[in-house]
Amino acid sequence: MLGRASRAFGSTLTTLGRAMGWTIRGLGMSEAPQGDIEDIEVCARDGRRPRDAGPYRVMVGDALLRFRPLVTDTAVHTGRSLRELAALSPPEAHVVFAVLTNGLLEEIRLEESIDLREGIEKLLAFNNDRIFRFTLNGSDLQWGGAFITGATLLGLAKVDPVAQAAWLEDPDGSRRRIEASQLVDLSQPGVEAFVIEPLDSPTH
């Protein structure tokens, strides 16, 4: 009886903690001092390797690039443990990608091990078991959602959305501008080819 009550209390505390925006830790919830946490994205932006000892903060985003922080004591994880840390259930129904410091996306399979200190900037997670391919400025990328927006393409390219725009190259060589909120269906036959160019480019 006490065990069930304890588990129920823990579940209630976890739910309350998420609602209040408390930090989620790999072994439960904890209010770790912010100054003690090594931020993976900040390290990538500064061009330095994260320290050897945790805790670490890593940002995980969805198909709309809405990010939330996760905190873990360890840098080495499997794809399964990352899904559990991010409360992605069931793990088999989700796809997780590492956004690398070179801008590429790399799938993290369930039983694959990764080190958050090795060239990773943040994570992307999708409630989908399919992967869709496309190219962005000639680079081959993978995506976990059937649709992608112009704003997401600009975010992946890390460009100024005011001065730049996304374009879809059609098979006949013509281009169509993809507006920020416009959805492109990646599940159609073929591999979509996108380019990011300045709005004042003479090619438009």
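Can you tell me how many residues in segment 85-116 are part of a strand (DSSP E or B) and more than 24 Å from F134 (Cβ to Cβ)?
Of segment 85-116, the ones part of a strand (DSSP E or B) are 95-100, 105-107, 113-115.
Keeping just the survivors that are more than 24 Å from F134 (Cβ to Cβ) gives 113, 115.
The number of residues fulfilling the criteria is 2.
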**Request:** Might you check whether a residue that is surrounded by 15 or more Cβ atoms within 10 Å (Cβ to Cβ), aromatic (F, W, Y) and under 20 Å from G190 (Cα atoms) occurs anywhere in segment 122-131?
**Result:** no
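Can you pull out the residues in segment 117-138 that are within 23 Å of C43 (Cβ to Cβ), out of contact with any Ser or Thr (no Cβ under 8 Å at 6 or more places or on another chain) and part of a strand (DSSP E or B)? Outline the logic, then answer.
Let us first name the residues in segment 117-138 that are within 23 Å of C43 (Cβ to Cβ), namely 117-125.
Those still in the list that are out of contact with any Ser or Thr (no Cβ under 8 Å at 6 or more places or on another chain) too: 117-118, 122-125.
Result: K122, L123, L124, A125.
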**Request:** Tell me, yes or no, whether segment 179-190 has at least one residue that is farther than 29 Å from D39 by Cα, touching a residue at least 40 places away in the same chain (Cβ under 8 Å) and either touching a strand residue (DSSP E or B) at 6+ places or on another chain (Cβ under 6 Å) or not charged (D, E, K, R) (or both).
**Result:** yes
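Somewhere in segment 13-26, is a residue at pLDDT 85 or above and touching a Lys or Arg at 6+ places or on another chain (Cβ under 8 Å)? Explain how you work it out, then say what you get.
As a first pass, look at segment 13-26 and keep what is at pLDDT 85 or above: none.
No, every residue in segment 13-26 fails to be at pLDDT 85 or above and touching a Lys or Arg at 6+ places or on another chain (Cβ under 8 Å).
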**Fill in**
Taking segment 157-169 and the residues there that are among the charged types (D, E, K, R) and over 14 Å from G138 (Cα atoms), the one that is modelled with the highest pLDDT would be D160
**Request:** Please verify whether segment 180-200 includes one or more residues that are modelled with pLDDT of 90 or more, crowded, with 17+ Cβ neighbours inside 10 Å and within 28 Å of H77 (Cβ to Cβ).
**Result:** yes
**Number of the condition not met by A165 [criteria: (1) in contact with a helix residue (DSSP H, G or I) (Cβ under 6 Å, 6 or more places away or on another chain); (2) over 27 Å from D46 (Cβ atoms); (3) among the aliphatic types (A, V, I, L, M)]** = (1)
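Please go through segment 139-179 and give me each residue that is acidic (D, E) and either in a loop (DSSP other than H, G, I, E, B) or buried (at least 16 other Cβ atoms within 10 Å of the Cβ) (or both), ordered by number.
From segment 139-179, those acidic (D, E) are 140, 160, 169-170, 172, 179; that's our starting set.
The answer is D160, D170, D172, E179.
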**Message:** Quick check on this structure: which one of L65, L82, L70 is among the hydrophobic types (A, V, I, L, M, F, W, C) and part of a helix (DSSP H, G or I)?
**Reply:** L82
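The values are calculated or read from the model by the stated rules, or taken from the named source; none is laboratory data. Note that the coordinates shown come from a computational prediction; the quantities given were computed from them, not determined experimentally. For neighbour counting, all protein chains shown are included, and Cβ atoms are generated from backbone atoms with ideal geometry for every residue, glycine included.
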